[in-house]
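Worksheet: the structure to be examined is printed underneath.
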4 protein chains.
Amino acid sequence: MNERRYTLTISCPDRTGIIAAVSSFVAQHGGWIVEASYHTDDLTRHFFMRQEIRADSLPFELDEFRARFALLAEEFDMSWQVSDSAQKKRVVILVSKQDHCLNDLLHRWRSGELGIDIPCVISNHDDLRGFVEWHGIPFHRVEMDDKAAAFTEVSRLFEHNRGDALVLARFMQILPPQLCQRYAGRVINIHHSFLPSFAGAKPYHQAYQRGVKLIGATCHYVTEELDAGPIIEQDTVRIDHGDSVEDMVRYGRDIEKTVLARGLRYHVEDRVLVCGNKTVVFR
Amino acid sequence: MNERRYTLTISCPDRTGIIAAVSSFVAQHGGWIVEASYHTDDLTRHFFMRQEIRADSLPFELDEFRARFALLAEEFDMSWQVSDSAQKKRVVILVSKQDHCLNDLLHRWRSGELGIDIPCVISNHDDLRGFVEWHGIPFHRVEMDDKAAAFTEVSRLFEHNRGDALVLARFMQILPPQLCQRYAGRVINIHHSFLPSFAGAKPYHQAYQRGVKLIGATCHYVTEELDAGPIIEQDTVRIDHGDSVEDMVRYGRDIEKTVLARGLRYHVEDRVLVCGNKTVVFR
Amino acid sequence: MNERRYTLTISCPDRTGIIAAVSSFVAQHGGWIVEASYHTDDLTRHFFMRQEIRADSLPFELDEFRARFALLAEEFDMSWQVSDSAQKKRVVILVSKQDHCLNDLLHRWRSGELGIDIPCVISNHDDLRGFVEWHGIPFHRVEMDDKAAAFTEVSRLFEHNRGDALVLARFMQILPPQLCQRYAGRVINIHHSFLPSFAGAKPYHQAYQRGVKLIGATCHYVTEELDAGPIIEQDTVRIDHGDSVEDMVRYGRDIEKTVLARGLRYHVEDRVLVCGNKTVVFR
Amino acid sequence: MNERRYTLTISCPDRTGIIAAVSSFVAQHGGWIVEASYHTDDLTRHFFMRQEIRADSLPFELDEFRARFALLAEEFDMSWQVSDSAQKKRVVILVSKQDHCLNDLLHRWRSGELGIDIPCVISNHDDLRGFVEWHGIPFHRVEMDDKAAAFTEVSRLFEHNRGDALVLARFMQILPPQLCQRYAGRVINIHHSFLPSFAGAKPYHQAYQRGVKLIGATCHYVTEELDAGPIIEQDTVRIDHGDSVEDMVRYGRDIEKTVLARGLRYHVEDRVLVCGNKTVVFR
């Protein structure tokens, strides 16, 4: 994915002719579709699509694309957006003291694997300042004594940095409802269980008590209801009776970081479309 | 595992010297240990062990083994049992109309992969009679109009056939509490979800509603509380937004039968020791 | 997938406008696209696509579809075909003595999970006759003393039964080159290793010797070069040092049958397009 | 695993009474066995065992343990060793320019997950100096113009730093035979394919050419024959026709680092015993 691309995502009521209309629109301007995915949700009869188009194949820029496409979009009653791969998404990361997800994301960022900008990292502890700043990324400590003030500051930093996504990389604090609403579909959390099993606190302890034979991790959009938002990605790993809670925590870290990295990648590549409390993920 | 073996399973309060005492007992009679596994549960400080010994390496039969070992067992306050691989476990299977687990178990039985006897299959429908009887296995239909009478008959058939294990191979009926108690640790169910997620009815519909990205199956001992008994084995399989409930049911069948077959194998090879509401599985 | 569908598969040199042209063709006749997948092979610059269209949404039958579409196909230099879900694929199965794959396929067939017809089963042994005939499926024994004559008979049976696909369900015999050529892209084999590791005879013994930590199975189209044809599906399962060759064979059976069933499903649903010695699988 | 432990590993010709003799030796000194594993190799009739004993349960130190145990060891013709968890293994890491494995190992080290010392990192490039030195770990650049001199220096650094293990974390250079021999069973490599498939150079390109549906990674001991040493750990991940070589490289990084981290953990915890060209891994 080195050449510049426009990514068009659409959702609208299902009917015949949508693919034809959109594809013809692209074709009549000489657009070269590199990747195309479609889905119809059976419950809501809603149609979802995503197309990646080579930017250099189109005779105009994004603004004109938007202006021209708007007419078509209206006809089909589409919710839609188009993004430009040259415009990197800006991802603000919230952490606490555990750094395995942060370490993983920063490596993917600095190796160029994950094509994002990280304008800053925010934490309620100072432990990870040195590591973050070594990367040349600003680090902001926000004390949690006064939670309302703290989250006002988080929100200010997110907006000041023009954040596209806010990632809770094992942040361990619950976001207030108004932030969940304001940034709906833009706040991504990694929960250390296979949801809906073991929502809430200490999921590995819950898993140990129940005696499950696999543990998991879940990457999801944050909503007002704790650990109940639309799921983007999940995975599990096998454990057995010999594994203590500490062993589970250790195995868990490996799937937490992998699942978060995959979920975030899907999000910043505009592969995730929300459909009620579920997601369509065009991998 | 073709040569005849004795399998010794033990649980007792943990202390030093247990392995030495048991191993020395075996060694002083020339016993050849083929497989040995140990575990200490951190919460209960209970010790669990399993040893397979070549039958032909010992100078006496099982009765004398039991008599001699009883002295040692008493000293360490052991719960214990020893079984003989020449004595196949007798497994009674309960089914309804869905036959994927039954088909799978019968194939493993007739190919000799699963070293069990199946004295009979019991069902509340007649649909699978022909297939079962083709195998030369008696098929009993038990109508569910009067549930109390039905389960009295199930219990009678299980005992008349000297069943060692009762397998609910997608039986879709809830066992009455008194049977759960009477046959505790001997009744095995396959539930079509990754427990504790989606206990109870229609788990694939629940999974579809929640939008999970993996579905699973759980093999567990049946207890009075529905789908809450000790878990023997679990597995998951990846799905995505494109999969309907029917697709999940189809994927699910494949893990249901695999998970049940593995769980049952562990059980009949005396690899499963119950520890509270959890299991130790010496694979 | 209960409603009747037409499945259109296409491959052609890549250029802009293909999706638009095909989608517009479908749309202008009111066709309702239920599933659509696209792929461009980077090496050959060949484009591949598959669309499922609701049959009842089109105002004509398959013949007229074919006649009309041929004009478009010519313009884009397409290799293409369209199939009707009401016309079940006819799958002839070759077996030897091992029956785990056969048992699995017959169950998927009789439960309606796999929407195929099985006009006959052919074997070089009589062992599985009873099981096959219980299903009401003709069983033909073909002795392998004279291989040339034997495969002439296999070929005759396949053609007499108007077979669409020939499945080697652990057949253990090598197909002669002329049959590989004549039925190219229609003969499916399950090999009991993760190819290209351990091609040829006794793969589990080879795996045991090498000390690998996972074993696998591969479903592929048969070509003249042994175990070297285009791969349709593969999977692996974890083993460890404690597993004997016999254990591997046992674990292996479970992935063999799953991998074959998945590969065959993809094939009969026209999800597999061959691209050189590789496959595009639109799952 | 916080309390101090002695880990005893043994291999010897199989006979009856070994477990009893060793367990009794431990028990008669009050030793508390925390973990115990056994295996008999069917081909060589060699017996392998590993026991972890709480250090504070024994009335003597490691030297006296060794002196006393030597008598027993001689009787059974044992190869054996005992290590002390308080004595961290010293792991020297070799890297080139790719840093995903290095980043992963350094995180596991600095978070305390992997209980090792890293006396230095050696590389033929200077790219990773800053990152390594940020951790307070010495970084040595060894130019590869004169390979003989370079590996003499690698060897000198390894011995000067009293290295217990030498890890090739995507080092991309072939170790000379004399080093393979001198450090046999102590040099660990991560190869970016599921061996024995795709040994040698550019395995992801090889995998892409062959059209496999899973790719893998292999952690193994280095021997004179390239990519042919005893395998410690492997894993695979699913790909499909849509994945380019670059995508495979990206997926591959995630399994490479996981497989290497697991393999190295097994090694430093004395869980890996070499048996011919295979390994026994007591997880």
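The values are calculated or read from the model by the stated rules, or taken from the named source; none is laboratory data. All figures in this text were calculated on a predicted structure; none of them were measured in a lab. Please note: Cβ atoms are built from the backbone with ideal geometry, for glycine as well, and neighbour counts cover all protein chains shown.
Selection of region C:140-177 for residues being at pLDDT below 95 and polar (S, T, N, Q) yields only C:Gln173.
Of note, C:Arg141 does not satisfy the criterion of being in the same structural domain as C:Pro176 (by TED's automatic domain parsing) and either touching a residue at least 24 places away in the same chain (Cβ under 8 Å) or among the aliphatic types (A, V, I, L, M) (or both).
Scanning region A:29-54 for residues that are more than 8 Å from chain C (Cβ to nearest Cβ), surrounded by fewer than 19 Cβ atoms within 10 Å (Cβ to Cβ) and within 15 Å of A:Leu8 (Cβ to Cβ) yields a total of 2.
Do we have any residue at all in region C:79-92 that's more than 30 Å from C:Glu153 (Cβ to Cβ), surrounded by fewer than 19 Cβ atoms within 10 Å (Cβ to Cβ) and either in contact with a Pro (Cβ under 6 Å, 6 or more places away or on another chain) or within 14 Å of chain A (Cβ to nearest Cβ) (or both)? No - not one qualifying residue is present in region C:79-92.
Is it true that B:Val154 is closer than 28 Å to C:Asp99 by Cα, touching a helix residue (DSSP H, G or I) at 6+ places or on another chain (Cβ under 8 Å), buried (at least 17 other Cβ atoms within 10 Å of the Cβ) and not small (Gly, Ala, Ser)? In short, no. Here C:Pro176 meets the list (1) over 22 Å from B:His100 (Cα atoms); (2) in contact with a strand residue (DSSP E or B) (Cβ under 8 Å, 6 or more places away or on another chain) almost entirely, failing just condition (2). Based on this model, can you work out whether D:Tyr208 counts as of a type in the set (Ser, Thr, Tyr), within 14 Å of chain C (Cβ to nearest Cβ) and over 30 Å from C:Gly276 (Cβ atoms)? So D:Tyr208 fails the test. Looking across region A:1-32, the residues that are of a type in the set (A, V, I, L, M, F, W, C) and more than 24 Å from the chain's Cα centre (by Cα) come down to A:Ile18, A:Ile19, A:Ala20, A:Ala21, A:Val22, A:Phe25, A:Val26, A:Ala27, A:Trp32.
Out of the strands (runs of 3 or more DSSP E) lying entirely within region B:99-215, which hold 1 or more residues that are within 19 Å of the chain's Cα centre (by Cα)? In region B:99-215, the matching strands (runs of 3 or more DSSP E) lie at B:121-123, B:165-168, B:187-191. Taking residues in region B:219-246 that are free of Cβ contacts under 8 Å to residues at least 60 places away in the same chain and surrounded by 17 or more Cβ atoms within 10 Å (Cβ to Cβ), and partners anywhere that are basic (Lys, Arg) and in a strand (DSSP E or B), the pairs with Cβ atoms closer than 6 Å and at least 6 places apart or on different chains are B:Pro230/B:Lys278. For region A:247-275, filtered to residues that are over 18 Å from B:Leu214 (Cβ atoms) and of a type outside the set (D, E, K, R), the residue that is surrounded by the most Cβ atoms within 10 Å (Cβ to Cβ) is A:Leu264. When restricted to residues that are free of Cβ contacts under 8 Å to residues at least 60 places away in the same chain and more than 19 Å from D:Phe194 (Cβ to Cβ), region D:247-267 contains 0. The sole residue among D:Phe194, D:Phe198 that is closer than 28 Å to C:Asp243 by Cβ, at the interface with chain C (Cβ under 9 Å from one of its Cβ atoms), modelled with pLDDT of 95 or more and touching a helix residue (DSSP H, G or I) at 6+ places or on another chain (Cβ under 7 Å) is D:Phe198. From (1) under 25 Å from C:Tyr38 (Cα atoms); (2) assigned by TED's automatic domain parsing to the domain that holds A:Ala27, pick out the condition that doesn't hold for A:Leu71. The number of the failed condition is (1).
Of the residues D:Leu226, D:Leu264, which single one is more than 9 Å from chain C (Cβ to nearest Cβ) and in a loop (DSSP other than H, G, I, E, B)? Going through D:Leu226, D:Leu264 in turn, the sole match is D:Leu226. The condition of being away from chain C (no Cβ under 11 Å), in contact (Cβ under 8 Å) with a residue 12 or more places away in the chain, closer than 26 Å to C:Thr40 by Cβ and acidic (Asp, Glu) does not hold for D:Asp270.
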